[in-house]
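None of the figures in this text is laboratory data; all of them are computed from the coordinates on show. All values derive from a computational prediction rather than experimental measurement. All Cβ positions, glycine included, derive from the backbone under ideal geometry; neighbour counts span all protein chains shown.
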Amino acid sequence: MNAQSANILVTRELTNEQLKIAEKLGLQVTIEPAIEIEFRDDWFALETILKTIENPVLAFTSRNGAEAFHRFQSTGTQFSENIPAYAVGKKTAEALKRFGLNASVAEQQDGVGLAKKIADDFLSDPKLKNSTIIHFCGDKRRDEFRQYLEQSEIKVRDLVVYKTILKPMNLPAIQPEAILFYSPSAVHAYRESGGFVKKNPAELFAIGNTTAEELSIESGKHVHISPEPDTETLLRFTAQILGSTKSPPLKGD
């Protein structure tokens, strides 16, 4: 491997800022999006559901859920500034803050970690006793979040606010040294595009635990999990593992 650079395949779009970070880290990026998100445009049914729930608590297990909430707001639906909210990670919480929600984040930044935090809060706060979790989610959501809450006797209502569409991927002819995955759906898209047919020497990276679990099952290989579920950290972590750079501090470190 060239000590100065490493070719990596990223399965989602990156911002210009993220691409600049990758370049500084010595990463040559090929972008091949694995999925497409389609947000719903009919919000009347959701508004009706929310009106029937007395003590809603909002939960978001993805940034797409947060974006859907913003689109829901844009229809004129009003939410109390004090409505309790939970977010799966810091980036999702930051997005929600821009939309007027102050969301709590679990230390374990995945769906199970968020469910555990919610269950603990419900046990310790009498005000939450009769509340219902309103989960802003996609059509390909995993079951762990709901199952954990239901086992804790907490009411959950899933609101499907976006669809995840798997895209045919044009995999590069040149074998990358690393492939970065952001969701279980991206792993499925990569598989359906023939990505796991041949033995793959690339290092595999996942944004979080649930993606890593799916990736490990599909590939049968060790998967590197980002220390934090955000792109900047994942890029730096990838560079460190590949040894392509001394990994200078990122903005905000």
Most mobile of Pro126, Pro227, Pro56 in a GNM of the chain (Cα contacts under 10 Å): Pro126
statement: Comparing Gln108, Gln18, Gln151 in a Gaussian network model of the chain (Cα, 10 Å), the one with the largest mean-square fluctuation is Gln151
field: Extension reserve of the Asn55-Ile165 stretch, reckoned as 0.36 nm per residue once the Cα distance is removed
entry: 36.3 nm
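Are there trypsin sites (Lys or Arg not before Pro) in region 1-57 that DSSP puts in a loop and that have at most 11 other Cβ atoms within 10 Å, and which ones? Let's see the in-between values first.
Details: sites: Arg12, Lys20, Lys24, Arg40, Lys51; in loops: Arg12, Arg40.
Answer in residue order: no site qualifies.
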message: Can you list residues from other chains, or at least 5 along the same chain, whose modelled amide H is less than 5 Å from the amide H of Asn55?
response: Thr132
- request: Give me the distance in nm between label points sitting 7 Å out from Cα along the Cα-to-Cβ direction at Gln151 and Leu128, one decimal.
  value: 1.8
field: Max mean-square fluctuation residue, GNM over the chain, Cα-Cα springs under 10 Å, options Thr211, Thr52, Thr61
entry: Thr52
statement: Computed for region 69-150: size of charge dipole around the Cα centre, +1 on C-beta of each Lys and Arg, -1 on C-beta of each Asp and Glu, debye to nearest 20, value 260
message: Check which residues have an amide H placed less than 5 Å from Asn7's amide H, if you skip close sequence neighbours.
response: Gln28, Glu177
